[in-house]
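The values are calculated or read from the model by the stated rules, or taken from the named source; none is laboratory data. Every value quoted in this text rests on a predicted model; they were computed, and no experiment measured them. Note: ideal-geometry Cβ built from the backbone for every residue, glycine included; neighbour counts use all protein chains shown. Remember, those area values only see protein heavy atoms, side chains included, never the ligands or the DNA or RNA. Shrake-Rupley method; radii C 1.70, N 1.55, O 1.52, S 1.80 Å.
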2 protein chains.
Amino acid sequence: MELKAIPASVAQNWPSRYRAQFFNCLSGFKPLHLLGTKSKENQNNLAVFSQVFHIGANPPYLGVLFRPDTVERHSLKNIRETGFFTLNHVPVSHVEQAHHTAAKFADNESEFEKCGFTPIMNTGFWAPFVEESPLRLGLSLHEIIEIKANNTILVVGKIEEIHFLESAVKKDGYLDLNTLNVACCTGMDAYHATEKISRFNYAETDKKPEPLAHNLF
Amino acid sequence: MELKAIPASVAQNWPSRYRAQFFNCLSGFKPLHLLGTKSKENQNNLAVFSQVFHIGANPPYLGVLFRPDTVERHSLKNIRETGFFTLNHVPVSHVEQAHHTAAKFADNESEFEKCGFTPIMNTGFWAPFVEESPLRLGLSLHEIIEIKANNTILVVGKIEEIHFLESAVKKDGYLDLNTLNVACCTGMDAYHATEKISRFNYAETDKKPEPLAHNLF
């Protein structure tokens with residue numbers, strides 16, 4: 001396969017939307033979440049997020065990256081003010097509705113209602129979960145870090161609560177996201193389904209990795 | 001779908017590997033990269049990484065999350081000492097070999113040779129690229145941030161060079177990773193292929209998202 005090699009600096013001359021599309025694709029596949037918050041004034045907010053990543057298992061931390069100059073600002077404001085948020089994986093069947101939450105709805109409009117999602121409230125957790133999601137996490141704000149490079153905000157959340165399908169958990173703790181049929185995404189607007197290839201055993205120097213047994217995947 | 005809801009605190013009583021598997025899966029799908037470095041002493045190093053994410057398009061930044069207590073330490077040391085690294089997307093055909101790079105090879109062994117990858121050197125870029133990868137990025141170290149929650153290290157890299165398949169770039173700048181047939185992953189050891197669902201137009205409040213034309217996806 002013949003690849004073209006370019007210095008990234010040539011992109012400075014590209015149209016800004018072309019450049020944004022291209023560079024947003026380079027990091028690769030991303031998870032697809034709906035981030036739920038509730039303001040101090042009890043207004044629910046829901047926004048699609050792909051910049052979510054694992055930070056640690058014990059204690060359990062996730063990171064969420066925010067660009068403060070976008071529609072995500074309501075989510076970040078609510079997290080700062082209330083200390084809580086939810087992350088809800090998006091099923092393949094709901095990617096269009098999830099994408100719709102990125103629109104700039106008015107302050108008094110709820111993305112839940114406008115985009116066709118059902119908030120789960122009154123669970124004792126401040127922020128709303130998404131009924132349509134097969135894997136939901138409730139998190140508390142732990143740490144806010146500013147990335148100096150471009151003023152991006154990294155929110156570190158501690159997982160407090162997990163809603164999951166018990167039958168999707170294998171006997172070694174692996175949670176099978178293929179069974180849940182949740183989507184992933186790339187770039188700014190592209191959505192994908194996934195198909196399992198394999199799990200492998202713990203990597204050792206002197207032999208090739210071996211696929212794990214079928215009942216673990 | 002009936003979900004089980006648990007407080008995350010119950011996981012403190014789980015066996016540590018079970019807990020690690022479970023929580024590593026919760027953030028969702030991750031990209032799959034081979035991170036290439038070269039030490040000051042000219043020793044090539046290659047390690048599989050999934051904790052890679054987009055930080056910004058202009059200037060182009062990526063983040064890579066490191067746990068300093070693992071085999072990843074060679075990569076981090078080399079980045080700190082030389083200032084350069086590469087990220088190379090892994091084709092579906094090479095996930096077993098990529099997984100193998102996680103083994104604790106001796107200091108004088110090269111993961112390239114042991115795991116069946118070909119380094120591209122003498123390109124004028126300090127760190128080696130991976131020949132078998134259909135999308136390769138050369139980065140310089142821009143910023144190192146410690147996440148206090150668990151001493152995880154976030155390396156912010158600036159994209160300096162890009163090796164890509166020109167025919168996989170659509171006319172609006174979107175880079176089609178499905179065509180490149182690169183893998184994604186979940187948890188600690190699970191690998192997946194992807195299948196496109198759709199791209200959607202810019203989200204607007206008063207209408208549902210519309211799929212983009214076929215030639216853009």
For region A:89-97, check the following and say yes or no: at least one residue is modelled with pLDDT under 95, closer than 24 Å to A:MET188 by Cα and more than 9 Å from chain B (Cβ to nearest Cβ). no
From the list A:ASN78, A:ASN88, pick out the single residue that is in a helix (DSSP H, G or I) and open to solvent by less than 50 Å² (accessible area, probe 1.4 Å). A:ASN78
Would you confirm whether or not region B:3-13 contains a residue that is among the charged types (D, E, K, R), open to solvent by 60 Å² or more (accessible area, probe 1.4 Å), touching a helix residue (DSSP H, G or I) at 6+ places or on another chain (Cβ under 6 Å) and within 12 Å of another protein chain (Cβ to nearest Cβ)? yes
The correct count of residues that are facing chain B (nearest Cβ under 9 Å) and open to solvent by less than 20 Å² (accessible area, probe 1.4 Å) in region A:100-114 is 4
Of those in region A:188-217 that are within 7 Å of chain B (Cβ to nearest Cβ) and either more than 28 Å from the chain's Cα centre (by Cα) or among the small types (Gly, Ala, Ser) (or both), the residue farthest from B:LYS114 (Cα to Cα) is A:ALA190
Is there any pair with a first residue in region B:105-121 that is under 13 Å from B:ARG136 (Cβ atoms) and a second that is of a type in the set (Lys, Arg) whose Cβ atoms are under 9 Å apart and which are 6 or more apart or on different chains, and what are they? B:PRO119/B:LYS38; B:ILE120/B:ARG136; B:MET121/B:LYS38
Only one residue in A:LYS171, A:LYS114 is over 30 Å from A:LYS196 (Cβ atoms) and basic (Lys, Arg), so which one is that? A:LYS114
Hey, any hits in region A:200-214 for a residue that's open to solvent by less than 20 Å² (accessible area, probe 1.4 Å) and of a type in the set (Val, Ile, Thr)? no
Flagged in region A:125-151 as of a type outside the set (Gly, Ala, Ser), open to solvent by 10 Å² or more (accessible area, probe 1.4 Å) and out of contact with any helix residue (DSSP H, G or I) (no Cβ under 7 Å at 6 or more places or on another chain), in numbering order, are A:PHE125, A:GLU131, A:ARG136, A:HIS142, A:GLU143, A:ILE144, A:ILE145, A:GLU146, A:LYS148, A:ASN150, A:ASN151
Return a yes/no flag: does region A:166-183 have any residue that is in contact with a strand residue (DSSP E or B) (Cβ under 7 Å, 6 or more places away or on another chain), in a strand (DSSP E or B) and touching a residue at least 60 places away in the same chain (Cβ under 8 Å). yes
So A:LYS170 clears everything in (1) within 9 Å of chain B (Cβ to nearest Cβ); (2) open to solvent by 20 Å² or more (accessible area, probe 1.4 Å); (3) under 19 Å from the mean Cα position of the chain (by Cα) except one condition, right? Which one? (3)
Looking at region A:197-212, I want the residues that are on the phi < 0 side of the Ramachandran plot and have a partner that is part of a strand (DSSP E or B) and basic (Lys, Arg) with Cβ atoms under 7 Å, at least 6 apart or on another chain. Which pairs are those? A:PRO211/A:ARG199; A:LEU212/A:ARG199
Is at least one residue of region B:50-67 more than 24 Å from A:ILE153 (Cα to Cα), in a loop (DSSP other than H, G, I, E, B) and either basic (Lys, Arg) or open to solvent by less than 60 Å² (accessible area, probe 1.4 Å) (or both)? no
Given the condition surrounded by 22 or more Cβ atoms within 10 Å (Cβ to Cβ) and in a loop (DSSP other than H, G, I, E, B), answer yes or no: does some residue in region B:34-41 qualify? no
Looking at A:VAL71, is it at pLDDT below 95, closer than 28 Å to B:VAL52 by Cβ and aliphatic (A, V, I, L, M)? yes
The one condition in (1) open to solvent by less than 10 Å² (accessible area, probe 1.4 Å); (2) of a type outside the set (Asp, Glu); (3) at positive phi that A:LEU154 fails to fulfil: (3)
Given the options A:PRO31, A:PRO60, name the one that is touching a residue at least 40 places away in the same chain (Cβ under 8 Å), of a type outside the set (Gly, Ala, Ser), at the interface with chain B (Cβ under 7 Å from one of its Cβ atoms) and under 23 Å from A:ASN150 (Cβ atoms). A:PRO31
